[in-house]
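The next block holds one structure in the form of structure tokens; read it before the comments.
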Amino acid sequence: FEFNEIVHRSDGRFDMKVPDEVRKFLDSAPWMPAIHKLLGPDCVSLYDSCIISVPGAKTQDMHCDNGHLFPHTDVHIASPHCVTVICPLVDVDADNGPTEFWPGSHYESVAKELFEERARTGAHIPSKSSLQLA
């Protein structure tokens with residue numbers, strides 16, 4: 001997935017590349033010590049973006065932020081290879097839709113089952129939200 005500046009994700013929701021003027025500050029971001037402990041001091045950023053949701057934006061479709069390391073298998077490694085950092089720039093509450101996490105979805109077979117259940121039933125998949133994790 002690549003774009004020059006901004007892309008329309010869904011009604012009222014946009015994904016914008018983080019400008020270079022901002023990116024230079026990310027190396028000293030307060031979460032970097034934790035990232036270095038998880039991934040090592042030589043880790044690199046793969047993707048930086050800013051999600052913009054206007055008031056009344058539709059709920060974003062269920063998706064995985066990062067692909068599985070070993071696609072089409074349930075091979076899994078104990079240590080992380082990739083970390084998604086979410087840093088809200090506004091207060092997050094149930095009304096503006098916190099990010100949700102599906103325990104076990106780091107296994108591709110579990111993620112596939114969750115997507116299929118959602119497609120088949122249209123039901124909300126129980127999750128742990130950032131509000132519950134905080």
> Checking His81 against (1) at pLDDT 85 or above; (2) in contact with a helix residue (DSSP H, G or I) (Cβ under 9 Å, 6 or more places away or on another chain), which test does it fail?
Replying inline: (1)
> Any residue at all in segment 59-77 that is touching a Gly at 6+ places or on another chain (Cβ under 9 Å), in contact (Cβ under 8 Å) with a residue 12 or more places away in the chain and of a type in the set (A, V, I, L, M, F, W, C)?
Replying inline: no
>> Within segment 1-88, considering only strands (runs of 3 or more DSSP E) that don't extend past its boundaries, which have at least 2 residues that are open to solvent by less than 90 Å² (accessible area, probe 1.4 Å) and under 24 Å from Trp102 (Cα atoms)?
In response: 13-17, 49-53
> Does segment 89-107 hold any residues that are surrounded by 12 or more Cβ atoms within 10 Å (Cβ to Cβ) and at negative phi, and which are they?
Replying inline: Val92, Asn96, Pro98, Thr99, Glu100, Phe101, Trp102, Ser105, His106, Tyr107
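The values are calculated or read from the model by the stated rules, or taken from the named source; none is laboratory data. Here the structure is a predicted model, which is why all the values come from computation and not from measurement. Methodologically, a virtual Cβ is constructed for each residue, glycine included, from the backbone with ideal geometry; neighbour enumeration extends over all protein chains shown. Ligands, DNA and RNA are stripped out before the accessible areas are found, and what is left, the full protein with its side chains, is counted by its heavy atoms. Shrake-Rupley method; radii C 1.70, N 1.55, O 1.52, S 1.80 Å.
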